[in-house]
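What follows is a single structure, written as structure tokens, with notes after it.
The values are calculated or read from the model by the stated rules, or taken from the named source; none is laboratory data. This one's a predicted model, so the numbers in the text were calculated from it and none came from an experiment. Cβ coordinates were reconstructed from backbone atoms using ideal geometry, including for glycine residues, and neighbour counts include every protein chain displayed. Quick note on the areas: whole protein, heavy atoms, side chains included, nothing else; ligands and nucleic acids left out. Shrake-Rupley method; radii C 1.70, N 1.55, O 1.52, S 1.80 Å.
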Amino acid sequence: MRPTTRQEVLGLYRKVLQIAKNWQSASGQREETVREKEYIRNEARTLFRKNKNVTDPKLIKQCIEECEARIEIGLHYNIPYPRPIHLPPMGLAHKQGRTLRHQEKLRKISKPIYLKSHDEIS
């Protein structure tokens, strides 16, 4: 890893931990805030440790972009959890002719494009 890339990754890690430290839940409830802070810290630790041995520059760039996207979306919506993309109304409801496989396909499609690591650790 190049020194500039290493500094960028460490800077992102510090930024995420700082966000967790100052996080306030949308509901304002203390228990919810504590739970969300812990989620942010655990998610950061897990993902950064999982990717610490990545050496491919393209993969490192993808991880950095994912981290930045998750930070921006989390701060924008004030929700630390991944947000699924929009599905059409009643897209996952049972209708005639729909099978379980089709609904599973729709759920996979609803996974955020920017989020590659979520299924691997959850």
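Figures for the structure shown
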quantity	calculated
Accessible area per residue, Å², the range 6-84 with all protein chains present, probe 1.4 Å	68 Å²
For a label point 7 Å along the Cα-to-beta-carbon line of N42, residues of the range 53-81 with backbone N under 17 Å	80-81
Exposure rank, largest accessible area first [K52, K15; 1.4 Å]	K52, K15
Segment E31-E65, extension gain: residue separation times 0.36 nm, minus the distance between their alpha carbons	9.2 nm
Accessible surface of the range 6-84 [probe 1.4 Å, protein heavy atoms]: carbon and sulfur percent	51 percent
Charge-dipole axis of the range 6-84 as Lys and Arg at +1 and Asp and Glu at -1 on Cβ define it, positive-most pick from T55, Q29, I79	T55
